[in-house]
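Student: What follows is a structure written as structure tokens; I'll ask about it next.
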Amino acid sequence: NWGKKHKRKRMTTYQYNLNTSRVTPLSDQTESWKRHFAGADLVIEAVFENLELKRKIIQQVEDVTPDHCVFATNTSAIPIADIAAPGDEVKRPENIVGMHYFSPVPSMPLLEIIPHAGTSEEALATAFAVGNKQGKTCVVVKDVPGFYVNRCLGPILVEVSALVKEGVPLEKLDMAMKKFGMPVGPITLIDEVGVDVASKVSSYLSSADLGVRMGGGDISLMSNMVEKGWLGRKSKQGFFTYTGKKGKTIGPEVTSFIKEFTGGKVSDLSETDIQDRIASRLVNEAAKCLEDEIIENPVDGDIGLVFGIGFAPFKGGPFRYLDSVGVSSYVDRMNGFADTLGAQFEPCQLLKDYAASGKKFH
């Protein structure tokens, strides 16, 4: 990323050389790695999602770092409490915290910081200071499955699968949500994030603690695509087939796959209904996160979803959006969906309370 900035004249040669001089590439095969780590104040781990491996790395790092060194894990799914559970591998659980970056890391401004019950105030403050120094906007969230942003993303993925199952064309889904204000539509988003990642998130959250809020769809849509090797843009094939830098089309194979998935159904659902069904699943989950104190306040909730998944920025985030359209009318809209489509649309208690009292989030 520095190389790109330098090439585009957005970074001076001096600054480029200064930055790169501060990077020391190491591996566990490098004899001197222990000496380099001996003075570390914070270590960020970003290996793949495997609890045993993460705890093994903590053990190796704790053996060579000073007692005050904070260990930050970049997990997107494993509970921080499980990673930090005291045992043979973990001697300093109070120094362990989650720092969840979003991909692509250089351009995504959000950083979720996740303390577990035993994380010290010093470790939390250190993670926050480092995140700020990296230029990230930090929000502190509770240690629950999916944390905040992915937890809100889960119900959207399920609803998208439900709409596809009903026969809503893929291009129509994307166009409707772009008109709502999203930077990209949900089909494009899944391809960009990775169909395998979206499948893993939806599968994980479906077996977590969200209950009926992850119901109403058919997430085998994505798992079947993963089996075919259709992983999205990174494999040149997802819902779209990618050619060159910007070319993308829906090919005959995908058309046939979708036809089989829908049973040949074609839906003429209105653009407004598509927007409200997808947005309400996200908004309701965001409100539920506030109700359950997963986020501290509506401001953090708005920042998290605008910077984390690009929730219609000009609407100001889910809580600003609720204030602008009116919580009472939005709850009525959701109740209408719940009556016809199922309990996955039932508003959370916090939304019902705000609707009854006329209270606003901001």
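Student: Check every one of the helices (runs of 4 or more DSSP H) wholly within the stretch 274-362 and list those with 2 or more residues that are within 25 Å of His116 (Cβ to Cβ) and not small (Gly, Ala, Ser).
Tutor: So the answer is 298-309.
Student: Is it the case, given these coordinates, that Phe261 is open to solvent by 50 Å² or more (accessible area, probe 1.4 Å), over 18 Å from Val139 (Cβ atoms) and among the aromatic types (Phe, Trp, Tyr)?
Tutor: So Phe261 does not fit the description; no.
Student: Okay, moving on. Would you confirm, using the coordinates I've provided, whether Gly317 is among the small types (Gly, Ala, Ser) and either surrounded by 15 or more Cβ atoms within 10 Å (Cβ to Cβ) or at positive phi (or both)?
Tutor: Yes, satisfied.
Student: Among residues belonging to the stretch 104-154 that are assigned to a helix (DSSP H, G or I) and free of Cβ contacts under 8 Å to residues at least 12 places away in the same chain, point out the one that is farthest from Leu189 (Cα to Cα).
Tutor: Glu121
Student: In this structure, is Val160 in contact (Cβ under 8 Å) with a residue 60 or more places away in the chain and either buried (at least 24 other Cβ atoms within 10 Å of the Cβ) or more than 17 Å from the chain's Cα centre (by Cα) (or both)?
Tutor: The answer is yes for Val160.
Student: What number goes with the only condition from (1) surrounded by 23 or more Cβ atoms within 10 Å (Cβ to Cβ); (2) under 16 Å from Val139 (Cβ atoms) that Glu296 does not pass?
Tutor: (1)
Student: Among Gly154, Gly167, which is the only one that is under 13 Å from the mean Cα position of the chain (by Cα), crowded, with 17+ Cβ neighbours inside 10 Å and closer than 30 Å to Leu269 by Cα?
Tutor: Of Gly154, Gly167, the one residue that is under 13 Å from the mean Cα position of the chain (by Cα), crowded, with 17+ Cβ neighbours inside 10 Å and closer than 30 Å to Leu269 by Cα is Gly154.
Student: Another question about this same structure. Could you figure out which of (1) surrounded by fewer than 19 Cβ atoms within 10 Å (Cβ to Cβ); (2) more than 12 Å from the chain's Cα centre (by Cα) isn't true of Pro186?
Tutor: (1)
Student: Checking the condition open to solvent by 40 Å² or more (accessible area, probe 1.4 Å) and closer than 17 Å to Arg281 by Cα, which residue from Lys91, Lys133, Lys178 passes?
Tutor: Every option except Lys178 fails the conditions.
Student: Here's a follow-up. Output the residues belonging to the stretch 224-234 that are surrounded by fewer than 16 Cβ atoms within 10 Å (Cβ to Cβ) and either farther than 15 Å from Glu260 by Cα or in contact with a Cys (Cβ under 9 Å, 6 or more places away or on another chain) (or both).
Tutor: Glu227, Gly229, Lys234
Student: Got at least one residue in the stretch 207-223 being among the charged types (D, E, K, R), modelled with pLDDT under 95, on the phi > 0 side of the Ramachandran plot and under 24 Å from the mean Cα position of the chain (by Cα)?
Tutor: No, the conditions are met nowhere in the stretch 207-223.
Student: Also: Of all helices (runs of 4 or more DSSP H) completely enclosed by the stretch 1-81, which ones contain at least 2 residues that are in contact with a Phe, Trp or Tyr (Cβ under 8 Å, 6 or more places away or on another chain) and either under 17 Å from Ile114 (Cα atoms) or open to solvent by less than 90 Å² (accessible area, probe 1.4 Å) (or both)?
Tutor: 2-7, 13-21, 51-64
Student: Does any residue of the stretch 95-102 turn out to be assigned to a loop (DSSP other than H, G, I, E, B), within 22 Å of Cys138 (Cβ to Cβ) and at pLDDT below 95?
Tutor: yes
The values are calculated or read from the model by the stated rules, or taken from the named source; none is laboratory data. Bear in mind that the values here come from a model prediction, so they are computed numbers and not experimental data. As a convention, Cβ positions derive from the backbone with ideal geometry for all residues, glycine included, and neighbour counts pool all protein chains shown. Note: accessible area is taken over every heavy atom of the protein model, side chains too, but ligands, DNA and RNA are not part of it. Shrake-Rupley method; radii C 1.70, N 1.55, O 1.52, S 1.80 Å.
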